[in-house]
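Please read the structure below before turning to the comments.
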Amino acid sequence: MHKNLQNASLGRQLYHMTWPMLFGVLSLMTFQLTDSFFVGQLGRDPLAALGFTVPMQQLVSGMYVGLGIATTAIISRTLGQGEDLRAQRLGGLVIAIGAGLALTLCLSVWLLQSVILDLLGAEQALRPVIREYWAPWLLSAWTGAMVYFSYAVCRANGDTRLPGYMMIITSLLNIALDPLYIFVFGWGLPGAAWATITAFSIGALIVFPTLLKRAWLRFDLLQLQLAQAVRQLGGIMAPAMVSQLMPPISAMLATALVAGFGSAAVAAWGLGTRLEFFSIVVVLALTMSMPPMIGRMLGAGDLENIRKLVRIAVRFILGWQLFIGLVWLGASGVVSTLFSPDADVQDTLLSYLLRVPLSYSGLGVCILMVSVNNALGMPMRALLISTLRLFACYLPLLWIGGQVSGLTGLMTGALIGNLLAGAMAYSLYRQGMNRLRRPA
């Protein structure tokens, strides 16, 4: 009886921490899908240009998500130790470091765009369309990074509602501005980026003053023992960031493989990737809500409750993601027709939806295990999971499938690779937990 009540209590805590993040992330994914829908109406070339942008978007987001992981881990533990003033200064340090890193990365992508497009295998005919889009898109990426850092500070302080609500507000605003900027103003593909810039800027004007009002940010960083704080932040941030950068590197390589099958394949693959982001929204919400809970339990030495919490989350992911995969399977014909008028893109997207979504349960477990291991203070194990998932499971099977059976085989390889990655990730998590429990 006590065990059942304890599990129910953990489940309720997880639910209350997760649901604001769920709706927030869901709204972000909805506006990204809406972007794809509107851009798809412009024709194959703008949609293909958007497809070549996806791996670079993952690169930028990987950087700020990695910093966000470190933010949540360090600030939540600091608050648990009763050092509120230090936690406020750490929040300011995160914003300052994040602004500089995001700006450096965006400028690097812009300066190296020709090299990047060569590596991605972009056709020469598409490059003018991509270049026209990338300047406002990179500005939107920097703006989005700054808003994300503010959300990370909120979560670290135990507030998931404010970032959840702001994600919904900015996403709805973005969706409303998309047709205005793209079609009414006649800005075309760049209009999608300018809509994002407008929405995120308004969000930043709301969130940052709120953080200052709540005294969750201080910028008197010289009082922080700056070198020690940067080392502490970097100790988690560096491996977490590299771990988060693994997927975009993999996405670039996967896009290069898909590009060998033509621009229609790239356009469909880009759409499929965006549908994937939408499909794992519950997993992404859990990766934001669970680390603060795990961090506090870890500080209290409560490893048994951590194990129970993770087990509850994994069981839920397995069932939920299988359901989502079956939904995409049943709706594959309608969805492929809805997102593009091009027959070749429709056929390729249909093939994608018949195969890859069935592996989202394995993918979801793998993503969650990366987040859990970072929260447990094992960032190198999290990095190992990310690396093995992509370079031992996903990409090799993608290449083998493409060699054996063309584009259809490539997608089958993605299905098998994701399932293998989930099993591998959970096994490594259990090994790590066993090591943590031995000293206790």
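The values are calculated or read from the model by the stated rules, or taken from the named source; none is laboratory data. What you see is a predicted model, and the numbers here were worked out from it, not measured in a lab. Ideal geometry is used to build each Cβ from the backbone, glycine not excepted, and the neighbour counts take in all protein chains shown. Just so you know, the surface numbers come from the protein's heavy atoms only, side chains and all, with ligands and any DNA or RNA stripped out. Shrake-Rupley method; radii C 1.70, N 1.55, O 1.52, S 1.80 Å.
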Give the residues of the range 249-264 that are surrounded by fewer than 21 Cβ atoms within 10 Å (Cβ to Cβ) and closer than 20 Å to A102 by Cα, sorted by residue number.
I249, M252
Please specify each residue of the range 138-195 satisfying the condition of being open to solvent by less than 10 Å² (accessible area, probe 1.4 Å) and among the acidic types (D, E).
D178
Do we find that R307 is free of Cβ contacts under 8 Å to residues at least 40 places away in the same chain, within 17 Å of G377 (Cβ to Cβ) and out of contact with any strand residue (DSSP E or B) (no Cβ under 6 Å at 6 or more places or on another chain) in this structure?
no
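Among the residues that make up the range 69-88, is at least one of them within 23 Å of the chain's Cα centre (by Cα), more than 29 Å from V372 (Cβ to Cβ) and in contact (Cβ under 8 Å) with a residue 12 or more places away in the chain? Walk me through it before giving the result.
The initial filter retains those residues of the range 69-88 that are within 23 Å of the chain's Cα centre (by Cα), namely 69-76.
Restricting the remaining residues to those that are more than 29 Å from V372 (Cβ to Cβ) gives none.
Checked against the condition, which is being within 23 Å of the chain's Cα centre (by Cα), more than 29 Å from V372 (Cβ to Cβ) and in contact (Cβ under 8 Å) with a residue 12 or more places away in the chain, the range 69-88 yields no hits at all.
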Check G325, G362 and return the single one that is of a type outside the set (D, E), touching a Phe, Trp or Tyr at 6+ places or on another chain (Cβ under 6 Å), surrounded by 18 or more Cβ atoms within 10 Å (Cβ to Cβ) and part of a helix (DSSP H, G or I).
G325
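Go through the range 42-52 and report how many residues are out of contact with any helix residue (DSSP H, G or I) (no Cβ under 8 Å at 6 or more places or on another chain) and farther than 10 Å from V129 by Cβ.
Total meeting the criteria: 0.
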Scope the range 324-344; condition under 16 Å from T34 (Cα atoms) and in contact with a helix residue (DSSP H, G or I) (Cβ under 7 Å, 6 or more places away or on another chain); matching residues:
V335, S336, T337, F339, S340
Filter the range 368-390 for residues that are surrounded by fewer than 24 Cβ atoms within 10 Å (Cβ to Cβ), in contact (Cβ under 8 Å) with a residue 60 or more places away in the chain and under 29 Å from T408 (Cβ atoms) and give the result.
T387, L390
Spot the failing condition for G301; the list is (1) in a helix (DSSP H, G or I); (2) surrounded by fewer than 21 Cβ atoms within 10 Å (Cβ to Cβ); (3) not acidic (D, E), and only one is missed.
(1)
Against the conditions (1) open to solvent by less than 10 Å² (accessible area, probe 1.4 Å); (2) farther than 30 Å from A73 by Cβ, where does L309 fall short? Just the number, please.
(2)
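In the set M252, M246, M237, which member is within 15 Å of G68 (Cβ to Cβ) and of a type outside the set (K, R)? Spell out the reasoning first.
Numbers: M252 fails: within 15 Å of G68 (Cβ to Cβ); M246 fails: within 15 Å of G68 (Cβ to Cβ).
On inspection, the qualifying residue turns out to be M237.
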Among the residues of the range 384-438, which ones are more than 19 Å from P247 (Cβ to Cβ) and of a type in the set (A, V, I, L, M)?
I400, V404, L407, M433, L436
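May I ask you to say which residue of Q57, Q13 is out of contact with any Pro (no Cβ under 6 Å at 6 or more places or on another chain), open to solvent by 40 Å² or more (accessible area, probe 1.4 Å) and under 28 Å from G262 (Cβ atoms)?
Being out of contact with any Pro (no Cβ under 6 Å at 6 or more places or on another chain), open to solvent by 40 Å² or more (accessible area, probe 1.4 Å) and under 28 Å from G262 (Cβ atoms) holds for just one of Q57, Q13, which is Q57.
Could you pull out the residue among L383, L388, L420, L354 that is aliphatic (A, V, I, L, M), within 23 Å of the chain's Cα centre (by Cα) and over 30 Å from I75 (Cβ atoms)? Steps first, please.
On the way: L383 fails: over 30 Å from I75 (Cβ atoms); L388 fails: over 30 Å from I75 (Cβ atoms); L354 fails: within 23 Å of the chain's Cα centre (by Cα).
Step by step, each of L383, L388, L420, L354 is checked, and only L420 is aliphatic (A, V, I, L, M), within 23 Å of the chain's Cα centre (by Cα) and over 30 Å from I75 (Cβ atoms).
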Working only within the range 110-122, note down all residues that are surrounded by 15 or more Cβ atoms within 10 Å (Cβ to Cβ) and under 17 Å from G270 (Cβ atoms).
I116, L117, L120, G121, A122
Single match in Q223, Q232 (criterion: at pLDDT below 80, assigned to a helix (DSSP H, G or I) and more than 30 Å from D347 (Cβ to Cβ))
Q232
Per-region count, the range 97-121, residues touching a helix residue (DSSP H, G or I) at 6+ places or on another chain (Cβ under 7 Å) and not in a helix (DSSP H, G or I)
1
